[in-house]
Amino acid sequence: TPLQSLVLLNDPTYVEAARAFAELILRHEGTDAQRLDYAFHRALSRPIEPHESEILLKLLQTHLSEYGADPAAAKDLLSVGARPLPQDLSPAILAAWTDVARTILNLHEVITRN
């Protein structure tokens, strides 16, 4: 339902979960494409398809540019929830990957639909 979609995208619990997932993804060694494949294996138990990787890599680049230009926006996103911020990760990079993780966690394959 539309309400479920809004909750999954904006509820502090889900935003914080996406940030924790993003931290896990960033700690995985490799290229951004390899990290996306790792994230798909973790969330969906399958490899990422080439068209999915292309879309998510574009999304990542867009958010890296946006958060790089607006550090306050990155800080706002990362301040959601009680999980402490890692000191060894760039806020702009973590915020961008948080948005990618939110997208992955909102795929139809991940959420429960009736």
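Structure notes:
- Per residue, in Å², the accessible surface of the chain once ligands and nucleic acids are set aside, probe 1.4 Å: 59 Å²
- Solvent-accessible area of His41, all protein chains in place: 90 Å² (probe radius 1.4 Å, heavy atoms, ligands and nucleic acids excluded).
- Only the Cβ atoms of Lys and Arg (+1) and of Asp and Glu (-1) were treated as charged; on that basis the dipole of the chain about its Cα centre amounts to roughly 260 debye.
- Per-residue 3J(HN,Hα) values for region 31-36, derived from phi via the Karplus relation 6.51 cos²θ - 1.76 cosθ + 1.60 with θ = phi - 60°, read 6, 4, 5, 5, 5, 4 Hz in sequence order (x marks Gly and Pro).
- Heavy-atom accessible area, probed at 1.4 angstrom with all protein chains present, ranks Glu109, Glu23 as Glu109, Glu23, highest first.
- Of the trypsin sites (Lys or Arg not before Pro) found in region 7-114, those in coil by DSSP whose Cβ has at most 14 other Cβ atoms within 10 Å are Arg113.
- With every protein chain in place, the chain: carbon and sulfur % of accessible area (1.4 Å): 58 percent
- Residue order for Asp70, Asp99, Asp32 - accessible surface, 1.4 angstrom probe, largest first: Asp70, Asp32, Asp99
- A 1.4 Å probe, protein heavy atoms only, puts the accessible area of Ser65 near 80 Å².
The values are calculated or read from the model by the stated rules, or taken from the named source; none is laboratory data. These numbers come from a predicted model, not from an experiment. Don't worry about glycine lacking a Cβ; one is built from the backbone with ideal geometry, like all the others, and counts go over all protein chains shown. Quick note on the areas: whole protein, heavy atoms, side chains included, nothing else; ligands and nucleic acids left out. Shrake-Rupley method; radii C 1.70, N 1.55, O 1.52, S 1.80 Å.
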